[in-house]
1. Which of the pairs Lys218/Lys291; Lys119/Lys209; Lys55/Lys209; Lys111/Lys148 have their Cα atoms more than 26 Å apart in this structure?
2. Sorting check: for 107-120, 4-17, 125-138, 36-49, which peptide has the highest mean count of neighbouring beta carbons within 10 Å, and how do the rest follow?
3. Report the gain in length on full extension from Glu32 to Lys203: 0.36 nm times residue separation, minus Cα-Cα distance, nm rounded to one decimal.
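Laboratory data are not the source of any read-out in this text; all were calculated from the coordinates shown. Bear in mind the structure is a predicted one, so any value in this text is a computation, not a measurement. Note: ideal-geometry Cβ built from the backbone for every residue, glycine included; neighbour counts use all protein chains shown.
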Amino acid sequence: MQKVATVIIHGLGEQDGNYASETCKLINQKFEEKLYGLIDDPLSQLIIEPICWSKIFSCKEQFLYDNVLDNHLNYLKLRQFVIKYLGDAIAYQRVESAQQNYDMVHNEVSKALTALSEKAGNKAPLCVIAHSLGSTIASNYFYDLQFKLNDVNWNIKAHTPLERGETLTLFYTLGSTLPLWSLRYIEKDFNHAINIPSQSINKFYPKLKGEWINFYDKDDILGYPLKGISDGYRQAVDEDKEVSVRGNENGNIKEITEGIIEGWTPLCHINYLTDKNVLERIVEGLVRTWKHVNDI
């Protein structure tokens with residue numbers, strides 16, 4: 001049977017290698033529930049590969065904090081937050097140098113796709129779940145593959161259809177910063193969004209329906225609808241879906257209370273990756289894709 005490949009790309013802020021453990025657990029649980037009775041081992045059909053790219057910037061950001069922020073400055077904790085969050089967005093920008101942070105981040109995406117190709121199969125349909133700045137990273141990465149392959153500068157390994165983005169089927173952006181990124185360009189230069197699904201998908205899975213769903217919370221000051229960016233995005237994005245993210249509501253009373261408070265404030269930006277309604281919608285797409293490619 002053909003497995004489905006999924007990559008998770010985190011957003012702003014320093015993350016450790018376990019940042020997506022709860023997300024993977026919840027997705028696997030929902031995926032298994034929906035395929036219960038159809039096959040003996042549903043979880044063998046879904047391969048998830050989280051990417052932790054913040055490690056590329058963490059040492060530089062810590063150096064900046066240790067050597068620039070003197071104790072006489074006010075709001076040190078807030079300044080640390082600004083360095084770790086806004087610093088990511090600034091560091092990711094393209095610059096004129098031999099080795100760009102942009103390319104180093106994209107190389108982490110490339111390595112994850114290689115791992116997925118080996119575990120799920122080189123023609124596995126690909127789902128991308130991207131949070132916050134991660135949605136910008138994913139968009140840039142697949143844009144370079146789809147439209148600028150001969151110009152890409154990072155040391156990309158793209159030997160299989162999955163690695164080349166040819167099987168890209170599902171794209172879920174969560175609390176996306178793409179509209180802010182568009183400010184770097186005049187409108188006509190930010191009008192061409194990536195193709196979801198890939199234009200090559202019919203070579204492998206005829207009539208497979210892809211989708212780009214963008215989730216946003218109206219209380220989230222960092223996440224925005226995408227269709228209003230340009231005509232190109234209006235056509236490319238299937239839905240700007242408003243949600244009220246609360247994170248994982250299955251925790252203890254303290255965790256649930258904190259989740260409710262965060263859900264009603266700009267702090268809700270951190271909760272998309274464990275929100276049950278967001279993940280339920282994503283799993284629906286994963287299950288539908290798996291059934292199609294396996295003729296079930």
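1. Where the Cα-Cα span goes over 26 Å, the pairs concerned are Lys218/Lys291; Lys55/Lys209.
2. 125-138, 4-17, 107-120, 36-49
3. So the extension gain works out to 58.7 nm.
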